[in-house]
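Okay, so here's the structure we're looking at.
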Amino acid sequence: MSANAHLTLSLGDICLAAGVGCRTLQHSFQRKRGCTPMQFLRALRLQHVYSDLSRSGETATVTEVASRWGFLHFGRFAGEYQMRFGEKPSATARRSRNP
């Protein structure tokens, strides 16, 4: 999942790559990580967006970075980002551009 987080992945794609059924994968993820595979993927993507926006010299817009990591519903993305990192994505980008 980490190597392909930028791709459009479905639960079926992940199961196929892991060589297990969907129920097995979901149960294993819930037991080991406390979340579903898709929640894990979303968290992984959010972390990549945060890293990209925090990188000094990043010139892409928040929308471009979010799209790069598979977020297409920008209102939902912004809300999830703010809940996870405690600030709006635009604030992260602004801080990295004006250290």
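The values are calculated or read from the model by the stated rules, or taken from the named source; none is laboratory data. The model shown is predicted, which means the values in this text are computed figures rather than measured ones. Cβ coordinates were reconstructed from backbone atoms using ideal geometry, including for glycine residues, and neighbour counts include every protein chain displayed. We work out accessible area using only protein heavy atoms, side chains counted, and drop any ligands, DNA or RNA first. Shrake-Rupley method; radii C 1.70, N 1.55, O 1.52, S 1.80 Å.
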*Cα Rg over Rh - segment 19-65, Kirkwood*: 1.21
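For the chain, compute Rh as the Kirkwood radius over C-alpha pairs and then the Stokes-Einstein diffusion coefficient at 10 °C and 1.306 mPa s; write the answer in µm²/s, rounded to an integer. Each step should come with its number before you reach the end.
Values: Rh = 14.4 Å.
Result for D is 110 µm²/s.
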*Apply 1/(1 + (r/R0)^6) to the Cβ-Cβ distance of V20 and L44, taking R0 = 22 Å, and write down the FRET efficiency to the nearest 0.05.*
0.70
_Considering only protein heavy atoms and a probe of 1.4 Å, how much of the accessible area of segment 1-79 is carbon and sulfur, as a whole percent?_
55
*asked:* Can you tally the net charge around G70? Count Lys and Arg as +1, Asp and Glu as -1, for every other residue whose Cβ sits under 11 Å from the Cβ of G70.
replied: +3
